[in-house]
């Protein structure tokens, strides 16, 4: 990270509170049934585990909503990151190389390096207003590094571009000795768009209640695929968390409506041509923007924050500055508009 961005981090810690939109948190209201779960939360609720039956009922409901035939394919964990770390740790016994896009969540590298993977990055490409996954480059990587683990995010964080199954599935079939670990926490998994992937033994998909349903505080994640039965939780989940997740699953359309609102804004803001900033098209409830030919960025950032009341995530890649905004309802998007106006 550059000295500039380290300085910005210190500035944030010292300045007056701003609405932080850097972690893709949730700013919509939850469904009333979800809210009601916690309205009667008591001290007694902190003292007990959820029952085994409660956990199995959530697992069964996930199977139904995802249209997974065998519930043994569903593994629940304490958030998507927990599932990711467990999966990478277990897969390390069989795979020594990890292939991933060079523009992706920085924590992937932290985890992979800690597990002593040999890391091979391939370039994230973009054309016009959108990043995209270059399948020819990926295919060359698969040929170059046989029997490797491939870690892809769809939509990608931070770029917002998605995997195209029409191009990915032939690679999954051709390179069956590779394992494809797909982080799908920002994807509309419950639309069943991805059900064609369930049949492949070399695919593991990771989902979460944190992003689509906006409940990161519950730390509830899940995987679809063949993971060890030892990873299937029998203890540890809180019963109110299970209730909230079940109500969310029964009201997917409520949360899909909120997601659609954010995606609509992300598309609109990507279509506005600005002189000093390029906003990339996004399939996720956030967007990435590259800053162009700007001097005195520190002063611009400070003015934009003070007048808008929001701050994005600041990213530096190859000494090029980027910002990424998590989204929300119209009241928040209007603040983002104010922030971006300082780059016109």
- [ ] Pull up the DSSP beta bridges for the chain and report the antiparallel fraction as a percent, rounded to 5.
- [x] 55 percent
Task: Value of D in µm² per second that Stokes-Einstein yields for the range 112-254, Kirkwood Rh from Cα pairs, at 37 °C (0.692 mPa s) - done: 194 µm²/s
- [ ] Could you work out how far the C-alpha centroid of the range 49-126 sits from that of the range 270-344, in angstrom?
- [x] 30 Å
Task: Translational diffusion of the range 293-344, µm² s⁻¹ [Kirkwood Rh, Cα pairs; Stokes-Einstein; 25 °C; 0.890 mPa s] - done: 211 µm²/s
- [ ] Report the normalised scattering of the range 136-177 as log10 I(q)/I(0) at q = 0.16, 0.34 Å⁻¹, calculated by the Debye formula with identical scatterers on the alpha carbons.
- [x] -0.44, -1.23
- [ ] Before rounding to the nearest 500, sum -39500 (n - 2.57) across all DSSP H runs of length at least 4 in the chain and divide by the residue total; then give [θ] at 222 nm in deg cm²/dmol.
- [x] -12000 deg cm²/dmol
Task: residue 295 versus residue 47: modelled label distance in nm, points set 7 Å from Cα along the beta carbon direction - done: 6.8 nm
Task: Cα shape, the range 173-292, gyration tensor, a/c 1.5 rule - done: oblate
Task: Prolate/oblate/rounded call for the range 95-180, Cα gyration tensor, a/c under 1.5 rounded - done: oblate
Task: Peptides ranked, highest mean first, by Cβ atoms within 10 Å: ranges 67-76, 190-199, 215-224 - done: 215-224, 67-76, 190-199
Open item on the list: Using the basic label-point model (7 angstrom from Cα toward the beta carbon), what is the residue 70 to residue 90 distance in nanometres?
Closed with: 1.3 nm
Task: Correct choice for Cα Rg over 2.2 N^0.38 Å that was computed from the model, options [x] 1.17; [y] 1.11; [z] 1.02 - done: [z]
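Each reported figure results from applying straightforward, stated rules to the coordinates on display, with no laboratory input. None of these values were measured; they are calculated from a predicted model. Positions of Cβ are generated from backbone atoms using ideal geometry, with glycine treated the same way; all protein chains shown enter the neighbour counts.
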